[in-house]
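Note sheet for the following structure.
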Amino acid sequence: MIPQENLTHTFYQATARSADYPHLQEDLECEVCIIGGGFAGLATALGLVERGVSNIVLLEAEQIGHGASGRNGGFVFGGFSLDNADLIKQVGRESARRLYQLTLDAVALIRQRIKQYDMDCDINESGVVLANWFDDAGKLQDQREFMLREFEVDWTPWSHEQTRAALHSERYFGALHEKNAFHFHPLKYAQALARVLSSQAVRVFEQSRVSAIETGTAEKLVRTSNGIVKARHVVVCCGGYIESLYPQLARSVLPIATYVMATEKLGDKLANAMQTAAAVYDTRFAFDYYRPLSDSRLLWGGRISIRERQPAEVAALLYKDMLKVYPQLAGSKVEYAWSGLMSYAQHKMPQIGCLPNGVWYAMGFGGHGVAPTTLAGEVVAQAIANQQPLPDGLEQYGLPPSFGSLGLMAAQCAYWYYELRDWMRE
């Protein structure tokens, strides 16, 4: 099923050119210390550099892109984990529009940076397709009209026939095509960001796990096992891997696992399933998400759980899901499979702000984080460099408690409930 040598690597790790950054082994002083080498931390650092801030230190406990930033599906599109209709209900139409536009601005900024810094990250500009799992064209039309009316975003409708021509599956009944979106190799992008930062004199350290943050004085102390960083500003961007680093922040997020696999190179067999290079997800709550890769593999993700699984388990689950949609791919081998932790907040919105002691944080991006992590990096960088306030609407999404194991079980039960509801709708 899975070659033994791939059990410890993701497809992304196997195909990215990593750079080795030193471990922190000395005491340093800096203007800003960023904890976490994922998209949020890297985007914050680059946002600061582009605003003229220097003397920045970035500390990563493992390797750049180790967490969700280097394991995700690679979809780059607007919005948050929170449903857009719920966003309007909670913050009002104008604030919702402004917040959603910030995610579209982040998509544009990612695209701009890829070009500006000549980043090799396998960008595919074919867009993202929302495929209708249910035989109910009205729901899809309602969603298109809602996005056009409320956010001035026009997703191109695909008829039942157009969808079947592009996606050779009897599971779909029409689709919406988000042409402004794209997909890419997320780990290559994270590594490219780190290379840009290093070239701009940002001091990047890997294998430098932070053990404590001390805030008793004007200059904060960030401790690791082999060195201390004294910083005027500290930004925590740890997501699902924050663990016990900063309890006040850790208590407010749920580390939720998701699963991804990559098939063998399918060659001409891929065309039997897909006639589009767009990335795809569907209209269920418990949806599949997948995209064709340039070497004819199919990268497939889905499911959420409160626990990570071994690669063989992930492969078995997702292979079964894939064959529900594309039975013609039966017999294809799964060469890579992995899981990873995302950080979810109860309110399903990013958690971006500053604690009373002056520690900044950016986390809780859930399963829709590529654009919002860049948004977070921009607004935190603006706040530190230019003393700009956070955008209206974000302040109400604070740090509510997640209730630990009880919160995890509640999240799992909610997922099972919606999964059952999807099944009943079929």
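Brief remarks on what is shown
- Breaking point among (1) modelled with pLDDT under 95; (2) under 22 Å from Ser169 (Cα atoms); (3) among the aliphatic types (A, V, I, L, M); (4) touching a Ser or Thr at 6+ places or on another chain (Cβ under 8 Å), for Ile256: (2)
- Hits in the stretch 164-216 - residues which are touching a residue at least 24 places away in the same chain (Cβ under 8 Å), part of a helix (DSSP H, G or I) and over 22 Å from the mean Cα position of the chain (by Cα): Ala165, Ala166, Ser198
- For the stretch 258-311, the candidate set comprises residues that are small (Gly, Ala, Ser) and assigned to a strand (DSSP E or B); within that set, the residue that is farthest from Phe77 (Cα to Cα) is Ser305.
- Residues in the stretch 387-410 that are modelled with pLDDT of 60 or more, in a loop (DSSP other than H, G, I, E, B) and either closer than 18 Å to Pro350 by Cα or among the hydroxyl-bearing types (Ser, Thr, Tyr) (or both): Pro389, Leu390, Pro391, Asp392, Gly393, Tyr397, Gly398, Leu399, Pro400, Pro401.
- The lone exception for Val359 - which of (1) surrounded by fewer than 24 Cβ atoms within 10 Å (Cβ to Cβ); (2) of a type outside the set (Ser, Thr, Tyr); (3) not assigned by TED's automatic domain parsing to the domain that holds Arg98 it fails: (3)
- Filtered residues of the stretch 325-338 (kept if surrounded by fewer than 20 Cβ atoms within 10 Å (Cβ to Cβ) and either in contact with a Phe, Trp or Tyr (Cβ under 8 Å, 6 or more places away or on another chain) or at pLDDT below 95 (or both)): Glu335
- Taking the listed residues Glu145, Glu150, Glu161, the one that is touching a helix residue (DSSP H, G or I) at 6+ places or on another chain (Cβ under 8 Å), outside any loop (DSSP other than H, G, I, E, B) and not basic (Lys, Arg) is Glu150, with no other qualifying.
- Qualifying residues in the stretch 243-276 (those that are within 22 Å of Ala14 (Cα to Cα), out of contact with any helix residue (DSSP H, G or I) (no Cβ under 6 Å at 6 or more places or on another chain) and in contact (Cβ under 8 Å) with a residue 40 or more places away in the chain) - the one surrounded by the fewest Cβ atoms within 10 Å (Cβ to Cβ): Glu264
- One residue stands out in the stretch 100-128 among those that are touching a helix residue (DSSP H, G or I) at 6+ places or on another chain (Cβ under 9 Å) and either assigned to a loop (DSSP other than H, G, I, E, B) or outside the structural domain of Ala194 (by TED's automatic domain parsing) (or both): the one that is nearest to Tyr189 (Cα to Cα), namely Cys121.
- Restricting the search to strands (runs of 3 or more DSSP E) fully inside the stretch 324-380 and requiring at least 1 residues that are closer than 30 Å to Ser296 by Cα gives 334-344.
The values are calculated or read from the model by the stated rules, or taken from the named source; none is laboratory data. These numbers were taken from a predicted model, which means no experiment stands behind them. No Cβ is skipped: glycine too gets one built from the backbone with ideal geometry, and neighbour counts run over all protein chains shown.
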